[in-house]
Every structure is written in structure tokens, then in C-alpha cells.
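S.K.: Sharing a structure below in C-alpha cells format, with a few things to ask.
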Amino acid sequence: MEPDVRFQRSTAKEAALEHTNIEADPLLSGFYSPADAARLLQVASPKLRGWLNGWSNSSAGPIVDRDFKDSRTISFLDLMELRFIEAFRRQGVSMQTLRAAAARARKEWDQPHPFALSRAKYLTDRRSVFAQVAELQGDRVTWDMATGQHEMWDVIEATIAKGVEFDPVSELARRWYPLPAEFPQVGIDPAVAFGKPALTEERIPTAAIHRMWKAEGGSLSRVAEAFRIGAEAVRAAVEYEITTAT
């Protein structure tokens, strides 16, 4: 078989794998611990655990319908929903409203991850769901945001969608660039390195590059040679790890 034919088939197989859902292949869903998620989202771990599992001193359940029910593991789509929740919590949307909106959207759209769906397709529908729930809950803050301050809502949704690529078929998030302005080379793709931050072109986890950089005494050139990538790619990976460490 000719080399270019093998390459084309391999590329086609990788492309197909990237769009396989979790039921077909859980290994392509991404794997994060609560600490991983807290670091990526810059959110306190106890808050995340409440959103994922509910609270021990409350009858209120979780907001996110997790992919891995009997595990502490968080999937990529869980992570995207947590990101959405954090953004709306910062705007004063109550936990009760978020929980009710998530439950209604899951049922109406028959989608377990309604907060990970494309802004382009679901912006109006999502605002409608929040408006209806806010009215029932007596949540004036969210009601005003969803019905009267459309520009504010649009800005929030656009901010959440920033750095996210959506699958054109499922409309679900499929790749996220956590810091697109500072580090456009670093992305999170559940089909690459189990969803850990990685150089998107080279498909190498930034943590692996950072570890070698420290072991090599901070030599960019030696790490670049070892991984067979450019020194600037090494620099981006190292700086990303240092920036997000805090």
C-alpha cells in the first residue's frame, strides 16, 4: 500500500474517532479529576463538587448530569457545562435557577449536556428556558437578564463560547482553547491525550513538555530536540503550565 494512501486512511480514522460519542467509546470523552477541573476553570474545588454531586447538608441535587456516574471523574462535556455554570453564577444567577434550567433543557432538548451546546444554535432557546424558569422561581435577576437586557445576555454567552469549537453535527463542544489570546497553540480535545491540555498541532501534552523542561534545567532547545518540535512550541507549553499553575 502506498504511504499516502495509508496516511489518508489513518487521518480519516482519526477524524471519525474524534466525533464518536461516549457510549461508543468512553476513552474519547476526556478524563479530569475535580482538582484538574478546578485548575482549568480557576474555580474552588468545593464549589465544583457541589455542582457535580449536590451538597450533603441540602436536599438539592447536582446541576450537571455527569457522564461517569459512579466515579469522581469528570468528562470533557461535564467540564464545558461547569464552565457555563461558573459564568452565570458570576452574574448572580441562583443555583436553583441553574438547576431547574438544566433539568428543563435536558428534557426538552433530549440532551444530557444542554450547557455544552453551541451558542449559535441554542442562544435564543437557552434564554427562553432561563426566562421561563426565572419566572417560576421568582428570580428577578435572571428574569431581567433573559428578557430585558438582551445585550448583556448575548455578551455573557459570547464570552462562554470564546475559544470553543463545536461539532457541526451534534452542536456539542468538541475542543476548547482555555486561554486563546495568550496561548492559541494550547487546546483541550477529549480525543487527544485523554483531554489534557496539549499543543494542538503537535498533539503533545503541555505537562509532559513542562516536566522535561524542568528536568533539562530549563533548556528549550534540548526539549525541542527530544520532542522534535520547535523551540517556540516548547516555550508556549511551558509558559502555559506556569501561568495556569496558580
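The values are calculated or read from the model by the stated rules, or taken from the named source; none is laboratory data. Here the structure is a predicted model, which means the values were calculated and not measured. FYI the Cβ positions are ideal-geometry reconstructions off the backbone, even for glycines, and counts take in every protein chain you see. Side chains are part of the model used for accessible areas, which takes the heavy atoms of the whole protein and leaves out ligands, DNA and RNA. Shrake-Rupley method; radii C 1.70, N 1.55, O 1.52, S 1.80 Å.
S.K.: Give the peptides 29-37, 107-115 in descending order of average Cβ contacts within 10 Å, highest first.
M.R.: 29-37, 107-115
S.K.: Just to compare against my own numbers: the Cα pair-distance distribution for segment 30-145, 5 Å bins, whole % per bin, please.
M.R.: P(r) for segment 30-145, in whole percents per bin: 2, 12, 22, 25, 21, 12, 5, 1.
S.K.: Kindly identify segment 37-91 as rounded, prolate or oblate by the Cα gyration tensor criterion: order the square roots of the eigenvalues as a ≥ b ≥ c, call it rounded if a/c is under 1.5, otherwise compare a/b with b/c, prolate if a/b is larger, else oblate.
M.R.: oblate
S.K.: Helix 76-90 against the longest principal axis of the chain: what's the angle in degrees, Cα atoms only, rounded to the nearest 10?
M.R.: That works out to roughly 50 degrees.
S.K.: Please tell me the relative contact order of the chain in percent, rounded to the nearest whole number, where contacts are Cα pairs under 8 Å and at least six residues apart.
M.R.: Relative contact order, the chain: 16 percent.
S.K.: Loop only by DSSP, 15 or fewer other Cβ within 10 Å of the Cβ. Give me the trypsin sites (Lys or Arg not before Pro) in segment 211-240 that pass, ordered by residue number.
M.R.: Those that pass, being in a loop and sparsely packed, are 228.
S.K.: For residue 103 and residue 231, FRET efficiency with R0 = 51 Å and r from the beta-carbon atoms, rounded to 0.05?
M.R.: Result of the calculation: an efficiency of 0.55.
S.K.: Still on this model: Would you work out what percent of the accessible area of segment 92-217, with all protein chains in place, is carbon or sulfur (probe 1.4 Å)?
M.R.: Result for segment 92-217: 53 percent of the exposed heavy-atom area is carbon or sulfur.
S.K.: Binning at 10 Å from 0, report for segment 78-153 what percent of all alpha-carbon pair distances ends up in each bin.
M.R.: The distribution over segment 78-153 is 20, 60, 20, given as percents.
S.K.: Now for a different question. I need the peptides 89-99, 48-58 ranked by packing, meaning the mean over residues of other C-beta atoms within 10 angstrom, with the highest value on top.
M.R.: 89-99, 48-58
S.K.: For a protection proxy built on the mean count of beta-carbon atoms within 10 angstrom, sort 200-206, 152-158, 190-196 highest first, please.
M.R.: Packing proxy ranking, top to bottom: 190-196, 200-206, 152-158.
S.K.: Let me confirm the definition first: pairs of Lys residues in the chain, 8 or more apart or on different chains, C-alpha distance under 20 Å. How many are there?
M.R.: Lysine pairs meeting the criterion: 6.
S.K.: Taking the solvent-accessible surface of protein heavy atoms with a 1.4 Å probe, what is the per residue accessible area of segment 153-246 in Å²?
M.R.: Heavy-atom accessible area per residue stands at 51 Å².
S.K.: Restrict the search to segment 116-196; then list the trypsin sites (Lys or Arg not before Pro) that DSSP places in a loop and that have at most 13 other Cβ atoms within 10 Å of their Cβ.
M.R.: Of the trypsin sites (Lys or Arg not before Pro), the ones in loops of segment 116-196 whose Cβ has at most 13 other Cβ atoms within 10 Å are 162.
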